[in-house]
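Take a look at the structure set out below.
Since every read-out is calculated from the coordinates, none of them should be taken as a lab result. None of these values were measured; they are calculated from a predicted model. Reconstructed Cβ throughout: ideal geometry from the backbone, glycine too, with neighbour counts over all protein chains shown.
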Amino acid sequence: MTGERMTDGERHAQGMRTRREVLGDAHVDRAEARKNDFTADFQDMITRYAWGEIWSRPGLDRRTRSCVTLTAMVAGGHLDELAMHVRAAVGNGLTHEEIKEVLLQTAIYCGVPAANSAFAVAQRVLDEPE
């Protein structure tokens, strides 16, 4: 349905499918279980727009989107989100070597301290049992 006009409900459904494919059912189920009156609108927004619009677009494959997202997480210093997206990158087919190369690239463009922190987060995630 990407590229067509979708209702908010259709966009949410597409986003939830994509979100589950990229992040896994367990992660999405935990996020949904934590949702409350205060956070529900935010969860709906990211499901519709981040996952239903951007991650569902055909212009980039998911491997490429993961590379871009890892870089953005490092640049913004979003280390908790980085851990989640390292897991997603592996699920999207990036190898540990490719993730390392993305993080090396961030050392030049985002700064060595940011990349150093990112390597520590990524190492912890990549060492997790599968």
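Using C-alpha pairs below 8 Å separated by at least 6 residues, the relative contact order for the chain is 25 percent. For the chain, complete DSSP H runs whose alpha carbons reach 15 Å or more along their own long axis and whose mean Kyte-Doolittle score is 0.5 or higher are 79-91, 112-126. Counting Lys and Arg as +1 and Asp and Glu as -1 over every other residue whose Cβ lies under 14 Å from the Cβ of ASP25, the net charge comes to +2.
Here the Debye sum runs over all C-alpha atoms of the range 1-59 as equal scatterers in vacuum, and log10 of I(q)/I(0) at q = 0.13, 0.24, 0.25 Å⁻¹ comes out as -0.31, -0.94, -1.00. Contact order, relative form, for the range 19-94: 39 percent (alpha carbon pairs under 8 Å, 6 or more residues apart, mean separation divided by residue count).
Sorting THR39, THR47 from the fewest to the most surrounding beta carbons within 10 angstrom yields THR39, THR47. Footprinting exposure proxy ranking of ARG124, ARG48, fewest other C-beta atoms within 10 angstrom first, gives ARG124, ARG48.
By the count of neighbouring beta-carbon atoms within 10 Å, fewest first, ASP127, ASP29 end up ordered ASP127, ASP29.
About its Cα centre, the dipole of the range 1-59 is roughly 160 debye, where the only charges are +1 on Lys and Arg Cβ and -1 on Asp and Glu Cβ.
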